[in-house]
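Report on the structure given below.
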Amino acid sequence: MKRYLPVFAAGIIFAALSASPAKAEVNINIGIGLPKIAVVAPPAVVVIPGTYVYIAPDLDEDLFFYRGHWWRSHGRRWYRADDFGGPWIIISFDKTPRALRSLPVRYRDLPPGLERMPPGHVKKHWKEWEEKKHWESRREWKEHKREHREHKEHKKHGRDRD
């Protein structure tokens, strides 16, 4: 057995050195218990008034865009992806942006007439819009921000029983 080891090792080295470069690809799919969202095309998004969080309102599941990433919650966990279709990674609660953890209670009650945008447009401009406070001049944005602030005050003082 020992006398064949050098021949075996030489064969492996020769095969490794003489092989043409090949493109290796590894796909690992680990089920993390996150239900899939059936999205055929990139979903239109709108800004949730009073925030700089964007939501895809036409989906049954909540799908958010915030600061360059897509976000979903499921159970008590948050998930993040670079693309709306995933792949999704688990983000610890303390590393989830505060804007997502403290969305207005009625964030799905969107006022009519909000601007629907393709996600690529939002992904390209979100930073500029935040820096220039783009949405803050909109009436519905201001109204929702005020309602959210008032609701938080009521909760803080124990006057809200929702």
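The values are calculated or read from the model by the stated rules, or taken from the named source; none is laboratory data. Keep in mind that this is a model prediction, so the values were computed, not measured. Cβ: placed from backbone, ideal geometry, glycine included. Neighbour counts: every protein chain shown.
Please go through region 79-120 and pick out each residue that is outside any loop (DSSP other than H, G, I, E, B), more than 14 Å from the chain's Cα centre (by Cα) and surrounded by 13 or more Cβ atoms within 10 Å (Cβ to Cβ).
MET117
Please enumerate the residues belonging to region 121-143 that are of a type in the set (Lys, Arg), surrounded by 15 or more Cβ atoms within 10 Å (Cβ to Cβ) and either in contact with a Pro (Cβ under 8 Å, 6 or more places away or on another chain) or without any contact (Cβ under 8 Å) to a residue 40 or more places away in the chain (or both).
ARG138
Kindly provide the set of residues from region 112-122 that are at pLDDT below 90 and aliphatic (A, V, I, L, M), ordered by number.
Listed by number, the list holds a single entry, LEU114.
Quick grid of which residues meet (1) among the aromatic types (Phe, Trp, Tyr); (2) within 27 Å of LYS132 (Cβ to Cβ); (3) at pLDDT below 90:
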| residue | (1), (2), (3) |
| --- | --- |
| ILE55 | no, yes, no |
| GLU61 | no, no, yes |
| GLY68 | no, yes, no |
| PHE93 | yes, no, yes |
| THR96 | no, yes, no |
| LEU100 | no, yes, no |
| LEU110 | no, yes, yes |
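TRP70 - would you say it is more than 17 Å from PRO118 (Cα to Cα), of a type in the set (Phe, Trp, Tyr) and free of Cβ contacts under 8 Å to residues at least 60 places away in the same chain?
No; evaluated as a whole, the condition is false for this residue.
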